[in-house]
Amino acid sequence: MTRGSISRKIGSSRRRHVNVIRLLPIEYVELMTVDPSKLTDLIRRAAADDPQAKEQLYARVYDDLRSVARSVMWKNKGGELQTTALVNEVILRFERGNSLKTIDNRRVFFSVALQAMHQILVDHYRRRRKSIDSPDRKPEPLDEAVRTIESQVGADFEQLQQALDKLQRESPRQHAVIMHRFFGGLTISDTAILLEVSEQTVERDWRLARAKLFRNLKDD
């Protein structure tokens, strides 16, 4: 192989690398609730307003929700108190919106919980933008999570949300993979289980979704 062909090959490889956002969470999370049938039964009973089932459900998934919340929070300086507050807010949103009535299995439960955590982050960012010039504005734990995400993707948080919205319209499943893998920090295996697809499908969607996000951000 000539030097010129080697250079072209290296250049092509570099271009392929640049055109995909890396998107690595702070660490990957392995869910502990490994008995979907029991959890699904609890979810259905809780959805029927069984108070004991609700208590058992939240107790059973609490550690998993905290693990996902740590990933969403990017292990920032807010520490365990802020992680607990985020999980508690998600549970309150489940209760206020009667979300359990629209959930019938473990897969949907964790997907909705992850979406709720992400929405809390989005709401925080947009609220903070409105008060950016306020003399009373003080640092908050979620600020650091937002900055870390912006650093990862090399774009403004609002731009990222617009790119994610576009990805969701183009390919809901690939959007779900980004949400589970990047924001939730879930492994390929758990993401495949929750989305009810093969691990090979998750790996392929993970690559394609990052490439599309890069394109969407570049277009913006």
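Could you please tell me the mean projected area of the C-alpha convex hull for region 154-220, averaged over all directions and given in square nanometres to one decimal?
The Cα convex hull of region 154-220, projected and averaged over all directions, gives 4.1 nm².
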Which whole-Hz couplings ³J(HN,Hα) result when phi for each residue of region 37-44 is put into the Karplus expression 6.51 cos²θ - 1.76 cosθ + 1.60, θ = phi - 60°, listed in order with x for Gly and Pro?
5, 5, 5, 4, 4, 5, 4, 5
Two-site FRET efficiency, R169 against N88, from Cβ-Cβ distance with R₀ of 41 Å, rounded to 0.05:
0.80
Taking the Cα centre of region 154-220 as origin, sum charge times position over the Cβ atoms of Lys and Arg (+1) and Asp and Glu (-1), and report the length of that vector in debye to the nearest 20.
220 debye
Going residue by residue through region 163-172, the Karplus relation 6.51 cos²θ - 1.76 cosθ + 1.60 with θ = phi - 60° gives ³J(HN,Hα) values, rounded to whole Hz and with x marking Gly or Pro, of 5, 5, 4, 5, 4, 5, 5, 6, 8, x
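Where a number appears in this text, it was derived from the coordinates with a stated rule and is not lab data. All figures in this text were calculated on a predicted structure; none of them were measured in a lab. Reconstructed Cβ throughout: ideal geometry from the backbone, glycine too, with neighbour counts over all protein chains shown.
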